[in-house]
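Values in this text are rule-based calculations from the coordinates and carry no lab data. Not measured: the values here are computed from a predicted model. When we count neighbours, we look across all protein chains shown, and the Cβ atoms used for this are built from the backbone with ideal geometry, even at glycine.
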Amino acid sequence: MTRLLDYLVLPREITTFEAKYLRRMNRIGLALMWLHPPVFAVVAWLAGTSIPLAIVLSLVAVAGPTLAFAAFARTRPRLVSTTYALAGTLLGGVLVYVGQGPMQIEMHFYFFVMLALLICFANPQVILVAAGMTAAHHLVLWIVVPHAVFNYDAAGTTVAVHAAFLVIEAAAACMVARSFFDSVIHMERTVIRRTADLDGKNRDLTLILDNVAQGLVTVRLDGTLGPERSRVLGHWFGQTTADTRLWSYLAAHDPNLEAWMELGFTTVSDGILPIDLALAQLPSRLTRDGRQFRVEYQPIGAPATSLLVVVSDITDELARQRAEGAQRELIAVVEHAYRDRSGFLAFVYEADELVAATSQPKDEPIADVLRRLHTLKGNAALFGVFSVSEVCHELEDRIAIDFSGLDAASRATLTEVWRVFYDRIERLLGISKRRTILVDWAEYQAVLAKLEQPEPPWASPLRRWGQDTARSHLERFGDQARLLAVRLGKAELEVEVHDHDVRLEGDRYAGLWSALAHSVRNAVDHGIEPADVRSAAGKPERGKLVFRAELVGDELRIEVSDDGAGIDWLRVAERARAAGLPATTHRDLEEAVFASGLSTATEVSQTSGRGVGMDALRVACTALGGRVELRSEPGRGTTVRCCVPRHHAVVPVPAPLPPSLDRAPRGEPTLSLVPQL
């Protein structure tokens, strides 16, 4: 009996879901109740009974649920449902009474339909109340007014069969209602119980999170921090409030970084971009209180409903990487120095002058600053001095963003990085002693100054003692081009060098050799295709670079040729128009190639993309009184030729290097037939 009562009587506690569900069903039930008076009036008219009586009786029956709904709709929704059972029974009696005639017996189906509909309240007690009231109604009327029940004098067996059907349906309805309650309504209790289990697991997870070295936190798409987080995050960035946003928590010390992160989360929450692409726009590094952190973002859910943000302290890791990078850089630089000593020395002194010029605050066009940075970056990368090239790349990025030049901190950073590199190489290689004292340099210059015009035959070899070979520069370009091709995934390179035994005054042409590195990088990055692309175009898989230096009359010509894809003149025209430059004739397009800031690259990299290199090359040639010629055929390749006058002027005694660094004096410069390290 106890089990039966537990089955028929619902638990006293009403969950939030059940209360919300019953309030909705009670509103629908009340609306259906108020449909009965007009319908019963129509039934009375068809049956020839009293229409006013049908309306009055049905209104009396509906009054109960209406009052109960008004008084207890929010506080006791189960009680309101029970009044619907009572009212339904009364309305069934009214229907049977006003529907007298041949169809009166069919009106009894109303009771069965009513029991079926009451299942929606998921309460066996409602079914029992309705069934009990129906049985009492039929029994009383059968005894008192028999014709009012069946429209004829029914026997006891007929009433018993009718009651049996009512009992069977009531039992079935109770089973369905209870099953509905247990499977759907009662599910919230199951959820609560399982939630409690999850809370226990969350406590265990919190214990784990409190003992990991990474900062883990869940973040909603609006940037609000979730409760799940590791303890170390609080040690690094402090505590939070309920409405703390991620950008304020991590980056409040840096307004620009904070705005960047907030804008990135706006992109994520808008859902315009794919989630992976939107997350890639968020900042991945930040510096706080002298520590450096890496920030990673992982979407949770598909589609994403929140993010897992992982913050790692990488201060020690970066320090170790810098130490290892410095070691690798030192090895690479030493290899370059011993393979091409004169070229390396020329790079060091040229770079020192560029750093000195850049480190001094002065009012100058931004284009000049960019040109120096780009030249320094490219040459440093070619000699493996990546610590310097990376700083130059970062400074170029800053200028590209705000076009405000370099601030004091940026200039100091560049100077410090170069000083560290220079001092390390100076201690190892003694680069400040550029020339051994074989012949005094001033004396050598004095001898050259006394040469008669026209010069005697023996004068040319004498001049060559103080000149650099063009071959050493061109071969160095070839080595650097091969390495760059491998790094960029281009075709293997075949390099040809034709120097025609040209020698040049090192100091006079140092800037030209430095600027020519831009055309070498362009030839590899923009010209030479990957091997598979070359094969598909019917070209040899190996790319080809030709370096040439020759004297034609009194003119020096230096060429860099490739057999790559050639210049995309349509893209040049498009970029030129976007920059407001003329792009009508081929001459216009050639001028656009040399325009500062114009590049056909799709993205900025450490190799290219700034649109500064060709401008720097033309400036270097112009400074020597020369010009740059450009020839390119789509699919056939590009040739860049620098033409400058060949002078036999006496090279002045070199002045001390620019005072960009605080170093000990190097002493008197002397001539080195073979520069020693």
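Data overview
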item	result
Difference of contour (0.36 nm per residue) and Cα-Cα distance, ARG631 to ALA332	104.2 nm
Highest to lowest packing among 73-82, 515-524, scored as the average C-beta count within 10 Å	515-524, 73-82
Contour excess over end-to-end distance, with Cα ends at PHE165 and GLN281 and 0.36 nm allotted per residue	34.7 nm
Reachable aspartates and glutamates from LYS539, criterion Cα separation under 16 angstrom, eight or more residues apart if same chain	GLU492, GLU494, GLU529, ASP562, ASP563, GLU633
In Å, descending, principal axis extents of the Cα set of the stretch 467-645	42, 37, 28
Net length gained if the chain between THR585 and THR266 were fully extended (0.36 nm per residue, minus Cα distance)	110.4 nm
By average C-beta atoms within 10 angstrom, highest first, the peptides 7-16, 570-579	570-579, 7-16
Karplus-derived 3J(HN,Hα), 6.51/-1.76/1.60, for each residue of the stretch 250-259, Hz, glycine and proline x	8, 10, 5, 6, 10, x, 5, 5, 4, 5
Cα centroid separation, the stretch 506-555 to the stretch 71-98 (Å)	95 Å
In the stretch 291-384, the trypsin sites (Lys or Arg not before Pro) that fall in loop regions by DSSP, at most 11 other Cβ within 10 Å	LYS362
Most to least packed among 42-52, 190-200 [average Cβ atoms within 10 Å]	42-52, 190-200
Estimated inter-spin distance, GLU555 and ASP222, nm [label 7 Å along Cα→Cβ]	7.1 nm
Cα-based Rg of the stretch 294-413 normalised by 2.2 N^0.38 Å, two decimals	1.41
Estimated FRET transfer efficiency (ARG291, ALA172; beta-carbon r; R0 56 Å; 0.05)	0.20
Efficiency of FRET from Cβ geometry, THR241 and ASP182, R₀ 30 Å, rounded to 0.05	0.10
The stretch 462-518: GluC sites (Glu not before Pro) falling in loop per DSSP and having at most 14 other Cβ within 10 Å	GLU492
Ratio of the Cα radius of gyration of the stretch 210-316 to 2.2 N^0.38 Å, where N counts its residues	1.00
Calculated FRET efficiency for the pair THR305/GLU496, C-beta based, R₀ 56 Å, to 0.05	0.40
